[in-house]
1. Using only the Cα atoms of the stretch 18-87, build the gyration tensor, take square roots of its eigenvalues as a ≥ b ≥ c, and label the shape rounded, prolate or oblate: rounded if a/c is under 1.5, else prolate if a/b is larger than b/c, else oblate.
2. Work out, in µm²/s and without decimals, the Stokes-Einstein translational diffusion coefficient of the chain at 10 °C, 1.306 mPa s, Rh from Kirkwood over C-alpha pairs.
3. Ordered by residue, what ³J(HN,Hα) values in Hz, to whole numbers, does the stretch 18-31 give under the Karplus form 6.51 cos²θ - 1.76 cosθ + 1.60, where θ = phi - 60° and Gly and Pro are x?
4. When ligands, DNA and RNA are left out and all protein chains stay put, how many square angstrom of accessible area per residue does the chain have with a 1.4 Å probe?
5. What dipole magnitude, in Debye to the nearest 20, does the chain give about its Cα centre under +1 on Lys/Arg Cβ and -1 on Asp/Glu Cβ?
6. Computed FRET efficiency, Cβ-Cβ of residue 123 and residue 70, R0 41 Å: what is it to the nearest 0.05?
7. Could you tell me the calculated FRET efficiency between residue 59 and residue 87, based on Cβ-Cβ distance and R0 = 35 angstrom, to the nearest 0.05?
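The values are calculated or read from the model by the stated rules, or taken from the named source; none is laboratory data. All of these numbers come straight from a predicted model, not from anything done at the bench. For neighbour counting, all protein chains shown are included, and Cβ atoms are generated from backbone atoms with ideal geometry for every residue, glycine included. Surface accessibility is based on the protein's heavy atoms, side chains included, excluding ligands, DNA and RNA. Shrake-Rupley method; radii C 1.70, N 1.55, O 1.52, S 1.80 Å.
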Amino acid sequence: MADPVARPSLWTPKTTVIFVVSLIFTLFGVYLFYQYRILTGPPPLHLIAPAIGLRTDQATVEVEGQTDPEATISVNGQLVALEKGGRFFLRVPLSSGSNQITVTATAKSQKTTTITRTVDRKK
């Protein structure tokens, strides 16, 4: 009886090199796409205070947050200076009843991110 013919293996050093090179190019392409989206997209905006659904009896409320250090921040249309690292703070006066606080971050590409919070002031 003759020995059975061994099937050639699909996984060879050549396929390993092709796979590794393809993986490197794919990861590089994903990285470039990610960087492009960050560069051309709206700036990130994280609002720390005021909390959602805040009720207070004080006449002012602290607006605090963080964004891209190169973005422009406005709170209810008033420009706010950014500190190092993109942090910002502003005290906003409150009227009696419901108050809308709108925070807008604008990138150099003129794309914006907006967060609106409602603060109720008790009499």
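1. Working: a/c = 4.50, a/b = 2.87, b/c = 1.57.
Prolate, since a/c reaches 1.5 and a/b exceeds b/c.
2. Values: Rh = 18.5 Å.
Value of D from the Cα-based Kirkwood radius: 86 µm²/s.
3. Working through the residues one at a time gives 4, 5, 5, 5, 5, 5, 4, 5, 5, 4, 5, x, 5, 4 Hz.
4. Values: 9170 Å² over 123 residues.
Ligands and nucleic acids excluded, the figure is 75 Å² per residue.
5. On the way: 13 positive and 8 negative charges, 44 e Å.
Roughly 220 debye for the chain.
6. On the way: r = 42 Å, r/R0 = 1.01.
Between residue 123 and residue 70 the formula returns 0.50.
7. Working: r = 24 Å, r/R0 = 0.69.
Efficiency at R0 = 35 Å is approximately 0.90.
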